[in-house]
Amino acid sequence: MTNRRAKHEYWRNESGAGATEFVLVLIPFAALIFGIINLCLMFYANHTLQYAVQSAARCYSVDFTACGGSAGTTQTYATTHYSGPNIGVTFTAMPYPTGCGHTVTGSGNFPLNAVVYTLSVPLAATACFP
């Protein structure tokens with residue numbers, strides 16, 4: 001009889017229910033917060049990539065002292081103006097490829113880290129300046 005009573009009291013005890021519910025809610029909440037932070041880093045990387053490409057295209061067209069009018073110097077200029085996370089960005093500078101002006105393109109892959117899966121998101125930006 002005492003064994004049956006102890007089992008009944010064990011199942012009625014609610015002293016750890018709050019801690020268990022907290023853990024069950026904490027895991028998805030933490031995944032959501034870290035996902036939002038990682039998504040913001042991806043948007044930051046895209047923004048700084050666009051900024052670097054635009055400033056390099058303008059430099060390639062106008063500022064011959066900083067870029068020297070060469071594609072290699074312009075690519076180095078774009079690399080120094082990219083301030084985002086290290087995602088292996090590559091820049092390409094071309095003079096008048098489409099009649100638009102001096103064109104600079106930049107691309108890279110951002111590893112968007114979901115909690116259990118990493119997704120590689122390609123980022124690309126193109127700018128031309130007459």
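Derivation of every value follows stated rules applied to the coordinates shown; laboratory data play no part. This is a predicted model, so every value here is computed, not measured. Cβ atoms come from the backbone with ideal geometry, glycine included; neighbour counts cover every protein chain shown.
With an 8 Å cut-off on Cα pairs and a minimum separation of 6 or more residues, tell me the relative contact order of the chain in percent. Could the numbers behind the result be given before it?
Values: 181 pairs, mean separation 30.4, N = 130.
The normalised contact order for the chain reaches 23 percent.
A cysteine counts as unpartnered when no other cysteine's C-beta lies under 4.7 Å of its own; in the chain this applies to C40.
Explain nothing, just the number: dipole magnitude of the chain about its Cα centre with +1 on each Lys and Arg Cβ and -1 on each Asp and Glu Cβ, in debye rounded to the nearest 20. Let's see the in-between values first.
Values: 5 positive and 4 negative charges, 98 e Å.
I would put it at about 480 debye.
Counting pairs of Cα atoms in the chain, how many percent are more than 27 Å apart?
Numbers: 3882 of 8385 pairs.
Tail of P(r) above 27 Å: 46 percent of Cα pairs.
Mean residue ellipticity at 222 nm, helices only, the chain: -18500 deg cm²/dmol; runs of at least 4 DSSP H residues each add -39,500 (n - 2.57), and the sum is divided by the number of residues. Say each of N109 and V121 gets a label point 7 Å from the Cα, pointing the same way as Cα to Cβ; how far apart are those two points in nm? Reported label-point gap for N109 and V121 is 1.6 nm.
Given G35, N46, T74, which one lies farthest toward the positive end of the charge dipole of the chain, if we put +1 on the Cβ of every Lys and Arg and -1 on the Cβ of every Asp and Glu? The residue sitting most towards the positive pole is G35. Legend: calculated FRET efficiency, F64 to T90, from the Cβ-Cβ distance at R0 = 35 Å, rounded to 0.05, equals 0.90. A viscosity of 0.890 mPa s and a temperature of 25 °C, combined with the Kirkwood radius over Cα pairs in Stokes-Einstein, give a translational diffusion coefficient for the range 52-118 of 193 µm²/s. Checking every one of the chymotrypsin sites (Phe, Trp or Tyr not before Pro) in the range 21-130 against DSSP loop status and a limit of 15 other Cβ atoms within 10 Å picks out Y117.
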